[in-house]
1. What residue, among those in the stretch B:240-251 that are at the interface with chain A (Cβ under 9 Å from one of its Cβ atoms) and at pLDDT 95 or above, is surrounded by the most Cβ atoms within 10 Å (Cβ to Cβ)?
2. How many residues are within 9 Å of another protein chain (Cβ to nearest Cβ) and either on the phi > 0 side of the Ramachandran plot or touching a residue at least 24 places away in the same chain (Cβ under 8 Å) (or both) when one looks only at the stretch B:270-283?
3. Would you point out which residue out of B:Tyr304, B:Tyr282 is crowded, with 18+ Cβ neighbours inside 10 Å and among the hydroxyl-bearing types (Ser, Thr, Tyr)?
4. Inspect the stretch B:12-21 for any residue being under 22 Å from B:Leu322 (Cα atoms), touching a helix residue (DSSP H, G or I) at 6+ places or on another chain (Cβ under 8 Å), buried (at least 18 other Cβ atoms within 10 Å of the Cβ) and among the β-branched types (Val, Ile, Thr) and give the result as yes or no.
5. Could you tell me whether A:Leu218 is more than 23 Å from A:Tyr43 (Cβ to Cβ), within 9 Å of chain B (Cβ to nearest Cβ) and of a type in the set (A, V, I, L, M)?
6. Among the residues that make up the stretch B:252-261, is at least one of them in contact with a helix residue (DSSP H, G or I) (Cβ under 8 Å, 6 or more places away or on another chain), closer than 22 Å to B:Pro69 by Cβ and more than 14 Å from every other protein chain (Cβ to nearest Cβ)?
7. Any residue in the stretch A:3-22 that's at positive phi: show its pairings with residues that are of a type outside the set (Gly, Ala, Ser) and in a loop (DSSP other than H, G, I, E, B) at Cβ separation under 8 Å, as long as the two are six or more apart or on different chains.
8. Take the residues of the stretch A:1-59 that are within 24 Å of A:Thr161 (Cα to Cα) and among the aromatic types (Phe, Trp, Tyr): which is nearest to the chain's Cα centre (by Cα)?
Protein chains: 2
Amino acid sequence: MNINRQWVLAKRPSGLVTKDNFTFTESPIPTPGEGEVLVRNLYLSFDPTQRGWMEDRESYLPPVGIGEPMRAGSVGQVTETRHPDFAVGDIVQTTGGWQDFVVVAPNQGPMGLSKLPAGVSPEMMLSVLGITGLTAYFGLLELGNPQPGETVLVSGAAGATGSVAGQIARIKGCKVVGIAGGAEKCAWLKNEAGFDDVIDYKNEDVNARIGATCPNKLDVYFDNVGGEILQAALNHINLNARVVLCGGISGYNATEPVPGPSNLMNLVTTRSRMEGFIILDYFPRAAEAIEDLLGWIASGELKYQVDLQEGFDNIPDTLQRLFTGQNLGKQLLKIADPV
Amino acid sequence: MNINRQWVLAKRPSGLVTKDNFTFTESPIPTPGEGEVLVRNLYLSFDPTQRGWMEDRESYLPPVGIGEPMRAGSVGQVTETRHPDFAVGDIVQTTGGWQDFVVVAPNQGPMGLSKLPAGVSPEMMLSVLGITGLTAYFGLLELGNPQPGETVLVSGAAGATGSVAGQIARIKGCKVVGIAGGAEKCAWLKNEAGFDDVIDYKNEDVNARIGATCPNKLDVYFDNVGGEILQAALNHINLNARVVLCGGISGYNATEPVPGPSNLMNLVTTRSRMEGFIILDYFPRAAEAIEDLLGWIASGELKYQVDLQEGFDNIPDTLQRLFTGQNLGKQLLKIADPV
């Protein structure tokens, strides 16, 4: 059957993303041109930054157009090839989007097109070795520059990025405290991921608990959430602290602008820095990160979790899981098995 | 007469500083011990950061204690010496405070004690070559790192720090836009200080005017005010912008926490940095700054203004001038002439 199922952007969200923002549609399977391949998506990646791609505003990538398949990272299998470096059956990483099939070329789209390294599963490629793992690696090490003995606080700590960032800080000899929502996530961070301490923002006073768990103050704060938790962290920064702005999920679904921290002057009195980054800029250096990450996984120092949903029909609902905090670890969805 | 007039901190401010926060008192003139000198204050420096010193909170300097003379930078004259490097009659810079006389030693207090270089007047020492000039120099060049052809926006641009920061940016080959309050300040910036463009925040839409005057966006934003103007600037930052947090005078007299910018995520999408600093950290490098600043003054490239008040009785009112925007350029007050 010549059918390419798609979830296309139907209307831009106001507030929380719902299934109504997307429309299910069917179109013909596209045909690759010279230098292109046809990929069947097997696994889709779900990332908080996708919320921003749905907005009609200038950002680091153009907005997804109304009527276009929702943009998403993916792992798929080559089913037709007109590029000499790719053979039918190859398992590849690309920006497949919310659809069964995509035509791509190696230098096309934010993720390009690349074969998975030997021994790397799709789940691993889209989580700890993928955008979220690389984001944790370069954000923490390049911007955070953690030194042995320093204190590192991570918000969104049970998420795909935060959990890796915190563990890398631990591996680098830092004291690491994580902020996450709920007992299950906190238990995983402490018992499996080896965080020194955890703060349950749903049940604890975050500001007081940062003070209690970080008596030497924060040298690095790796922020995935923004909002009140960013403000609480800024109350406790050390001299020459580095605040790594990775994301601000607490504000992504807001319908009104969310006020920023009222204590930015703490950056002045402590001579501290707050810096943002986009992982796309570090893609040329992905190999060095992947080598380190694979090594730490092999040695048992780095744990990761995948929350794997299944079924094409469940794609829109799966995106919502990120914003309601349902996912524990990297959110993926499997569409199909490789043949 | 053995009388040392003083204005001491009587109560901590809530909101705008008023004369009621201080009490006039008279005490005996202190006597220098071994290695100390007695200095008679001639000129006092007024700086927005003094507002922070009046608060009972941890910061980069301890708070001024209730009943203590208000802390202030000063230029004075040595009237009694027990230190071999200082002679009676020397004109010196120190942290003299709001009083006629102070006993100091070279390594004591945030400013230490140093003789004025030959040919440097007290007004020059306390303005363009003093804390505000050094703040502009190191904040702009070290944190802002302006490159020729880049666009630099300065708020509080007619102030003692902002006016120097903007002119250094111009000297370094940047396009410079300043934000100030009122036609007189704006005219001085454009006609005397050579700013490329000015924005009158009291009479213009700052956000719209930044967009109109900075079509290539902001590579450096040197912020002296915080609040809504910081938010407006963040709407217009370029890729890899540097936001230099120098001060936040718009919030210094607030009685409630002032919300921060709601658009901090722009730091992420543009891969930009916001950084604070305290000029005390750069005092060991003051000589290199003073050499450059003196050269630019001599060549006519760097202009500065001093708002000189007079009279011991007027000290508390003169501090208020900073927060009501009355001063044009560096705020000083003369207590006495040298003998």
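The values are calculated or read from the model by the stated rules, or taken from the named source; none is laboratory data. All values derive from a computational prediction rather than experimental measurement. Quick reminder, even Gly has a Cβ in these numbers, built from the backbone with ideal geometry, and neighbours come from all protein chains shown.
1. Step one: list which residues in the stretch B:240-251 are at the interface with chain A (Cβ under 9 Å from one of its Cβ atoms), which gives B:243, B:245-248, B:251.
With the extra rule that they be at pLDDT 95 or above, the set shrinks to B:243, B:245.
Details: B:Val243: 28, B:Leu245: 26.
Among those residues, the one meeting the criterion is B:Val243.
2. Count: 9.
3. One residue alone meets the criteria, B:Tyr304.
4. Quick first cut of the stretch B:12-21, residues under 22 Å from B:Leu322 (Cα atoms) only: B:12-21.
Checking which are touching a helix residue (DSSP H, G or I) at 6+ places or on another chain (Cβ under 8 Å) leaves us with B:12-13, B:16-19, B:21.
Those still in the list that are buried (at least 18 other Cβ atoms within 10 Å of the Cβ) too: B:17, B:21.
Of the ones still in play, those that are also among the β-branched types (Val, Ile, Thr) are B:17.
Within the stretch B:12-21, one or more residues are under 22 Å from B:Leu322 (Cα atoms), touching a helix residue (DSSP H, G or I) at 6+ places or on another chain (Cβ under 8 Å), buried (at least 18 other Cβ atoms within 10 Å of the Cβ) and among the β-branched types (Val, Ile, Thr).
5. In short, no.
6. no
7. A:Gly15/A:Asn253; A:Gly15/A:Thr255
8. A:Phe46
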